[in-house]
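Quick notes on the structure that follows.
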Amino acid sequence: MSSNVYSMPFSIDIPSTITSDIKRHFTNSIHVNNDNKNKLEASFRGRPLNGEHIDIPKDYNGILTKSLTPVSSFDKLTYFNLDCSTTKNDCIVRSIEWLSLAKILHE
């Protein structure tokens, strides 16, 4: 499985030649929240980001694609909110929870 997958609350149009700058300018700035060890803090261009890790349910795999061609797979991801804390009511968290609920409903 791949290492780090991030869901960001914005899009960035960048050429693939500067993806190494993402690690230098973003990934290295991520740190654990002092008050809650499950939460992450970072910033992008001076805007605060609040994040959290999510595990994909065991019977599922996340797949990254480029032009509908699978590039990599993952079993966990880190998502961020812009200017607000992460909660269990965030759309991405509820979507991942739905995978487990849907499986139970269809058994």
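Computed from the coordinates by the stated procedures, all read-outs in this text should not be read as laboratory data. Quick caveat: nothing in here was measured; it's all calculated off a predicted structure. Neighbour counts run over all protein chains shown; Cβ positions are idealised from the backbone, glycine included.
Structure notes:
- Less than 5 angstrom separates the built amide H of residue 52 from those of 40, 79, all sequence-distant by 5 or more or on a different chain.
- Near residue 54: Cβ cut-off under 15 Å, other residues only, Lys/Arg at +1 and Asp/Glu at -1. The net charge is 0.
- Exposure proxy shown here: for 86, 78, the number of other Cβ atoms within 10 Å sets the order, fewest to most, as 78, 86.
- Exposure proxy ranking, count of Cβ atoms within 10 Å, fewest first, for 22, 104: 104, 22
- Residues of region 75-107 falling in the label zone of residue 61, defined by backbone nitrogen less than 12 Å from a point 7 Å along Cα to beta-carbon, are 75.
- Tail weight of P(r) past 24 Å, computed on alpha-carbon pairs of region 6-105, percent: 31
- Cβ-based exposure ranking for 107, 97, 41, 52, in which fewest neighbours within 10 Å come first: 107, 97, 41, 52
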